2 protein chains.
Amino acid sequence: MAEPAREASMAEIRRPGARLFVEAALGPAVALELGPDQAHYVRDVMRLGEGAEVALFNGRDGEWRARIARIGRGWAELVVGAMTRPQAPEPDLWLVFAPVKRLRLDILVEKATELGVAALTPVMTRRTAVARVNVARLAAHAREAAEQCRRLTVPACQEPIALRRLLAHWPAGRRLLVCDEVGGGRPIAEVLAAASGEAGAPWAIMTGPEGGFDEAELEALRSLAGACAVGLGPRVLRADTAAVAALACWQAVLGDWSLTPPQT
Amino acid sequence: MAEPAREASMAEIRRPGARLFVEAALGPAVALELGPDQAHYVRDVMRLGEGAEVALFNGRDGEWRARIARIGRGWAELVVGAMTRPQAPEPDLWLVFAPVKRLRLDILVEKATELGVAALTPVMTRRTAVARVNVARLAAHAREAAEQCRRLTVPACQEPIALRRLLAHWPAGRRLLVCDEVGGGRPIAEVLAAASGEAGAPWAIMTGPEGGFDEAELEALRSLAGACAVGLGPRVLRADTAAVAALACWQAVLGDWSLTPPQT
């Protein structure tokens, strides 16, 4: 897989150290090795050497400081120090999206990760113009965005699934907001305000392909228990804009936007 | 100016005809010529010939159908027919943003246009890393996004201005939401709900550079009448994500998202 090259953002340049997602269990004095990509990023992009500190998270054990014990071209050995943030519950919000073209998809995954989705699910519809989705590439973007935005998890990036199959196995109790670019839905603010008692429940937001859902798909969506078509105003939004807009509204009203960024 | 090449979106491919912003006054039987870029788009991208219809708008006279009278390589003559939508008032919402890198800026302008901003103002702050803004390029992206999302206006794309100067001339009565990525602001949903009586007022949303505002800038913002810092949750959003997220929340609560897309 061609993993996207990672640049340091201004925010990272201002902050000392780097922040990395790792698979290994994290705990006091745990020793671990970085793979070649992360070692390159730490050494050659962030310009950190032996003795420097980085932040680590794995989606399970919270965030920890770690010290670079030894580092070379393409490898690094770290030793974990103290926990800086405990793992905490996060909103259970899925983004289900008909895939768009590659550049827009990369950006959508980045934004959705920053906006706190728990899972990203590409859905294939009749009018979806994109035939193939590189899930490993999505996962790499999601991981990088999670590192940068200081999440304690990386969203699950799932294999594409046919809409019919997804709806046939839709989990009972998971609410679904379908972004409707044609104008049949209720205003999103109204729907979210009415659902304010269900803030802790599992939710999903779905966007269709640029050509829209076809009539049979709309009928299947209308008949799904817990699904609701929502409108995003009088301008026809691109699918990726609609996804980001709906995620932001959901987080502001039902999600965790009463919280503030970590101060550590 | 290198104008970005325009591709047809799926939505355009499904819909017959193209939609173009023109400078000329629009009215029954008005004849007008397209410039080379628009003529190329109509002929070679949308593949329209003589007798085909396009939609035109100019930000003042509503939307009109027009027929292609004659077309060739790089030129086209149109004759305006009937009005399809009258001009209507739009939310008076500015986006004031510290410029980000080119690709992100292009996408931000597109999304902000779809999300209905009236004006786009690049603001130069002490930590703004981008030294130069190609305003003509921004305007081309804004125009294209306005054409695609079926707006009746194109946002005004303004020359970059220093933050100090902008604040010194801030229009009395225009409310300002400053996106605060560090966590000092009130949750945006709370601020917008409290302002629901001011939906018709002029507003602006401001995002800072990736390095954040410096202390003197924050102080100047805090002392501006009508300004309010808002928080966008516990994850540290990129500046372009913050802008899109805040615009969506504003439109959902105070803007025109109770309206639906035109059905013509």
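None of the figures in this text is laboratory data; all of them are computed from the coordinates on show. Only a predicted model underlies this, so the values are computations on that prediction, with no experimental measurement involved. A quick note on method: Cβ atoms are made from the backbone with ideal geometry, for glycine too, and the neighbour counts reach across all protein chains shown.
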GNM top mover of A:GLU144, A:GLU215, A:GLU159 - chain A, alpha-carbon springs below 10 Å: A:GLU215
Non-local amide H neighbours of B:VAL178 (under 5 Å, H modeled in plane, Pro and chain starts lacking H): which ones? B:MET206, B:CYS228, B:ALA229, B:VAL230
Amide H partners (placed H, <5 Å) of B:ARG19, local residues excluded: B:ALA55
For peptide A:156-167, what's the mean number of Cβ atoms from other chains within 10 Å of each residue's Cβ? 0
In terms of modelled amide H atoms, which long-range or inter-chain residues lie less than 5 Å from the amide H of B:VAL30? B:VAL80
To the nearest 0.05, the calculated FRET efficiency linking B:GLU215 and B:ARG164 through their beta-carbon distance, R0 being 22 Å, is 0.95
Alpha-carbon Debye profile of the stretch B:104-193, log10 I(q)/I(0) at 0.23 Å⁻¹: -1.26
Using the Karplus curve 6.51 cos²θ - 1.76 cosθ + 1.60 with θ = phi - 60°, what ³J(HN,Hα) values do you get for each residue of the stretch B:252-262, in whole Hz, with x for Gly and Pro? 5, 9, 10, x, 9, 7, 7, 8, 10, x, x
For the protein assembly as shown, percent of DSSP beta bridges that are antiparallel (nearest 5) comes out at 40
Consider all pairwise Cα distances in the stretch B:19-152 and report the whole-number % of them above 25 Å. 35
Ordering of B:20-31, B:202-213 by packing [mean C-beta count within 10 Å, highest first]: B:202-213, B:20-31
What do the square roots of 5 times the Cα gyration tensor eigenvalues come to for the protein assembly as shown, in whole Å, largest first, as semi-axes of the equivalent ellipsoid? 40, 27, 24
P(r) of chain A over all Cα-Cα pairs, 10 Å bins starting at 0, rounded to whole percent, reads 7, 29, 31, 20, 11, 3, 0
Determine, for each peptide in A:165-176, B:101-112, the mean count of other beta carbons within 10 angstrom over its residues, then list the peptides with the highest first. B:101-112, A:165-176
Enumerate the whole-percent occupancy of each 10 Å bin, from 0 to the last occupied one, for all C-alpha pair distances of the stretch B:155-203. 19, 41, 37, 2
Using a basic spin-label model with each label point 7 Å from the Cα along Cα→Cβ, how many nm lie between B:ALA88 and B:SER223? 4.3
Within the stretch A:211-231, which residues have the backbone N less than 11 Å from the label spot 7 Å out from A:ARG186 along Cα→beta-carbon, could you tell me? A:228-231
Rg(Cα)/(2.2 N^0.38 Å) for the stretch B:115-264, N = residue count: 1.05
What is the mean number of Cβ atoms from other protein chains located within 10 Å of the Cβ atom of each residue in peptide B:240-250, rounded to a whole number? 6
Antiparallel versus total DSSP beta bridges in the stretch B:39-170: what percent is that, nearest 5? 60
